[in-house]
Amino acid sequence: MVDTSKTFQVMAHSVMILLSLVCLLPFVLLIISSVTNEATLIRDGYSFLLRSFDISAYKYLLLDSDSVLRGYGISVFVTVVGTVANLVMTTLFAYPLARRELPGKSFFAFFLFFTMLFNGGLVPSYMMWTQVFDIKNSIWALIVPNLMMGAFNVILMRTYFTTNVPEAVIEAAKIDGAGEYRILTRVVLPMSLPILATLSLLIGLAYWNDWLNGLYFINKSNLYSVQVLLNKMLLNTQFLKSSAAAGMNIDTSTIPSTGIRMAVAVMGVLPVLVAYPFFQRYFVKGIAIGAVKG
C-alpha cells in the first residue's frame, strides 16, 4: 500500500524547492552580472556563469565612499524613525476603529477609505509640504510626505484587532480597572505581534526603497538617502555615455554603464535581504489573518 501522505509531502517539498529556486535565480543573476566585466556583458549578455570577474562597477560607486556611507546612515535613520512613527500612528487610528463603541465609527472609516481613492495631486501636495510645512531640504522631507501613514495598513491592523483580540479579554481588563491606554499597550499589542512585524516589514521596505521624496524635496547632497544617491550616480553615468555618443570628448571606457545598474540594485537590496529572515515567520501569518478575515 502506497503511503499517500508521504508521497504528497515529497511532491509538496519538491514543488516548494522549485519555486524557491525560481525566486532565488534572479538575485543570483543580479549578483553575478554586477561582478562581470563590462565588455563581457556587452558582448555575451547576462549569464548565470561568471566568465570574467570584475568589480569595476562597485569601485565606481564607491569612489566617494563617504557619501555612500552617509547615504546608508540617512536611509537607516529614516527607515527606523519612519517605521516607528508610522506604526504608532497606524495603531492609534486602527485601535479605535476596531472598537464597537466608538462614536462616529462609520464616518472615520469612510474618511480613511476615501484617502485610498483620491489625493490632492503632485503639485498641490508639493506646495503644501514646502510652503505650509516647510520641510524642503530637511530630514523630515524623507519621512513625512506620503509615507507617514497608509489607509491599507490601518485596515489590516483594524481587521487583525477585530478578529484576533477577543472582546472578553478587553472586558476582563476593564473589570480589573485598566484604562484604554493600558488595554492597548498591555493587552492588545502583545497579542498582535504578527501584524506588527508584518507592517514593520512593509513600512520599512517603503521607506528604504523611497527615492521620489528625495528627488522632489531634497537639493542638498548631504541629505541624500542611499537610494537617491545611487539613482543620481546612475543618471550621471547615463549622461556621460550619451554625451560621448553625441561626439563630446569624454573618456567613458572606465565607466561600467551596464554592470553599474546591477551593482546599484545589489547595494539597494542587500540590507533588505539581511533583515527579511527576522520578519519572515510573521509575514504570511500577519497578511493572511489581517486581510482574509473580517
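The values are calculated or read from the model by the stated rules, or taken from the named source; none is laboratory data. What you see is a predicted model, and the numbers here were worked out from it, not measured in a lab. Using ideal geometry, Cβ is built from the backbone for each residue, glycine included, and neighbour counts are taken over all protein chains shown. Keep in mind that these areas ignore ligands, DNA and RNA; they rest on the heavy atoms of the full protein, side chains included. Shrake-Rupley method; radii C 1.70, N 1.55, O 1.52, S 1.80 Å.
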Filtered residues of region 163-184 (kept if among the hydrophobic types (A, V, I, L, M, F, W, C) and part of a helix (DSSP H, G or I)): Ala168, Val169, Ile170, Ala172, Ala173, Ile175, Ile183, Leu184
Residue match in region 204-218 (condition: on the phi > 0 side of the Ramachandran plot and either under 28 Å from the mean Cα position of the chain (by Cα) or part of a loop (DSSP other than H, G, I, E, B) (or both)): no
Test result for Val68, under 22 Å from the mean Cα position of the chain (by Cα), open to solvent by less than 50 Å² (accessible area, probe 1.4 Å), modelled with pLDDT under 85 and of a type outside the set (Asp, Glu): yes
Enumerated helices (runs of 4 or more DSSP H) restricted to region 53-162, each holding at least 3 residues that are without any contact (Cβ under 8 Å) to a residue 24 or more places away in the chain: 65-97, 105-117, 122-127
Identity of the residue in region 28-50, open to solvent by 80 Å² or more (accessible area, probe 1.4 Å) and under 14 Å from Arg261 (Cα atoms), that ends up farthest from the chain's Cα centre (by Cα): Ile42
Matching residues, region 124-156, being more than 21 Å from Leu97 (Cβ to Cβ) and open to solvent by 100 Å² or more (accessible area, probe 1.4 Å): Gln131, Val132, Phe133, Asp134, Trp140, Asn146
Residue among Leu229, Leu196 that is part of a helix (DSSP H, G or I), modelled with pLDDT under 85 and open to solvent by less than 80 Å² (accessible area, probe 1.4 Å): Leu229
Scan of region 78-115 for residues that are exposed (fewer than 15 other Cβ atoms within 10 Å of the Cβ) and under 27 Å from Arg261 (Cα atoms), ordered by number: Val80
